[in-house]
Amino acid sequence: HRTSLPSPMFSRNDFSIWSILRKCIGMELSKITMPVIFNEPLSFLQRLTEYMEHTYLIHKASSLSSTTERMQCVAAFAVSAVASQWERTGKPFNPLLGETYELIRDDLGFRLLSEQVSHHPPISAFYAEGLNNDFVFHGSIYPKLKFWGKSVEAEPKGTMTLELLEHNEAYTWTNPTCCVHNIIVGKLWIEQYGNVEITNHKTGEKCVLSFKPCGLFGKELHKVEGYIQDKSKKKLCALYGKWTECLYSVDPATFEAYKKNDKKNAEEKKSGKQVGNAEETDEMPLPDSESVYVIPGSILLWKITPRPPNSAQMYNFTSFAMALNELDKEMESVIPKTDCRLRPDIRAMENGEI
C-alpha cells in the first residue's frame, strides 16, 4: 500500500473561516456549504473504515475463552476506533446518496462495504466481516454537527454491533462525542467525551467507559476510564488509559486505591501552590510521550501504532488512512461506479489541485 499522498496538504492560514461561520451561529452545519480548504481528501465512508485499523483486537477477542477477557478486547477495539481522530481536524467529504466504498485487507483479515443510505439526514451504513468467518461488525452513523461559536461538536448518533460468531455473542455500543476546538482562532485541536456503554447481550455483562472532557488545565485530556461489570453490577475489572495512546486493565480494588491516593496528592499540591495555567489547553501533548501512569499489576490491552513521519504534511493521516483512497487499474475494472475512489473532487484534492 502507498505510504504517502500524491501531494502534501496546503496551508489553511490564507482562509478566514470566520467570514463564513459568523453567518451560521446556531445553525445545523449540514445546511452550510463549507469551503473545500477545510476538508481532507477522504469521503466520510472512507473515514468510517478507520474503525477497522485495529481489527487484530477482534480476532484476539474471538480466540479467548473468558467472557471478561473478550469484553476487554472489545472495549479496546471501541477505544482504538476513535484513536485515528487525534489531530484530524480536516472534515471528510460528504458522501452522495448511493455512494459506496469497498475494502478488502487480507493482511488485516477483514472485508468491508459501506454505503450512504440517506441524504437528509445524512446516514452512512457499513458492514464488515472477518475473512475467516470469526466476526461480523456493522452499524450506521448519523453525525449530528453543531457549531458553538468557538468549537464544532459532532455527535455520532447510531449503534455499532459486533458479533463474535464462534461464541454466538453480540456486543453493542455508541461512539463518544467529538469536538473540534479553536475553529476561529488558535491551533485547532480535538477532544472526545461522553460515556460509552458496551453491552454483551448474551451474558448481560457491561463495560461502561467514560471519555473525560479536557477540564480547565487539560489534566484530564484524552483520558478514558471505566469498569466491566457482570449483570448484577459487580465490578469485574477496571480499564484506564488514553484514547490517543493505550488502554490497560487492572483489578478494581487496586484501581480505586490508586485513584484515592492520586486525589489526595492532587489536593495536597493544590493547597501548596496553584498549578497549571489556563493557556495549557491550546497545546496538544504529543502522543508518543508515555503520559499514562501504569498502575502496578496492569495488563496492556492496546497500544497505538506511531503515525508515519510525513503524517503532519498529509492531513495527520495514519498509515492505514493513507491507503484508503488508493486506486490501481486492476481495481478500477471491478469496483462499482459509485465507489468513493472514483470521485473527481477527492482525487483532485489529494493531487493538490485546489
### Between segment 301-315 and segment 152-224, the alpha-carbon center distance in angstrom
20 Å
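Average projected area of the Cα convex hull of segment 37-122, in nm²?
Numbers: hull surface 27.8 nm².
Quarter of the Cα hull surface area: 7.0 nm².
Which value, in Å², gives the accessible area per residue of the chain when a 1.4 Å probe is used on the protein heavy atoms? Don't skip to the end; give the middle numbers.
Details: 17220 Å² over 354 residues.
Solvent-accessible surface per residue comes out at 49 Å².
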### Query
If you average the sequence gap of Cα pairs under 8 Å that are 6 or more apart and divide by the length of the chain, what percent do you get for the contact order?
19 percent
#### Entry: Gain on full stretching of the segment that runs from residue 1 to residue 264 - 0.36 nm per residue minus C-alpha separation
89.7 nm
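Tell me the carbon and sulfur percent of the accessible area for the chain, rounded to whole percent, probe radius 1.4 Å. All intermediate terms of the calculation are to be shown ahead of the outcome.
Values: 9580 of 17220 Å².
Here carbon and sulfur together make up 56 percent of the probe-accessible area.
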### Query
For the residue pair residue 331 and residue 254, what label-to-label distance in nm results when each label sits 7 Å from Cα along the Cα-to-beta-carbon direction?
4.3 nm
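If you take the beta carbon distance between residue 10 and residue 66 as r and set R0 to 45 Å, what does 1/(1 + (r/R0)^6) give as a FRET efficiency, to the nearest 0.05? Kindly include the intermediate steps, with their values, before the conclusion.
Details: r = 50 Å, r/R0 = 1.12.
For R0 = 45 Å, the calculated efficiency reads 0.35.
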### Task
Would you compute, for the Cα atoms of segment 82-151, the largest minus smallest coordinate along each principal axis and list the three values in descending order, in whole Å?
48, 28, 17
### Query
Points 7 angstrom from Cα along the Cβ direction at residue 127 and residue 111: gap in nanometres?
1.2 nm
### Cα pair distances in segment 119-255, grouped into 5 Å bins until the bin that holds the longest one, percent each
2, 9, 14, 17, 19, 17, 11, 7, 3, 1, 0
### Task
Name the aspartates and glutamates eligible as straight-distance cross-link partners of residue 234: C-alpha to C-alpha under 13 Å, and not fewer than 8 places from it in the same chain.
205, 251
### Task
At a Cα cut-off below 13 Å, give the aspartates and glutamates reachable from residue 337, other chains included and same-chain residues fewer than 8 away excluded.
99, 102, 115
### Query
P(r) for the chain: what percent of alpha-carbon pairs falls in each 10 Å bin, starting at zero?
5, 23, 33, 25, 12, 2, 0
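The values are calculated or read from the model by the stated rules, or taken from the named source; none is laboratory data. From a predicted model like this one, the values you see are computed outputs, not experimental measurements. Note: ideal-geometry Cβ built from the backbone for every residue, glycine included; neighbour counts use all protein chains shown. To get the accessible areas, we keep the full protein, side chains included, count just its heavy atoms, and leave off ligands, DNA and RNA. Shrake-Rupley method; radii C 1.70, N 1.55, O 1.52, S 1.80 Å.
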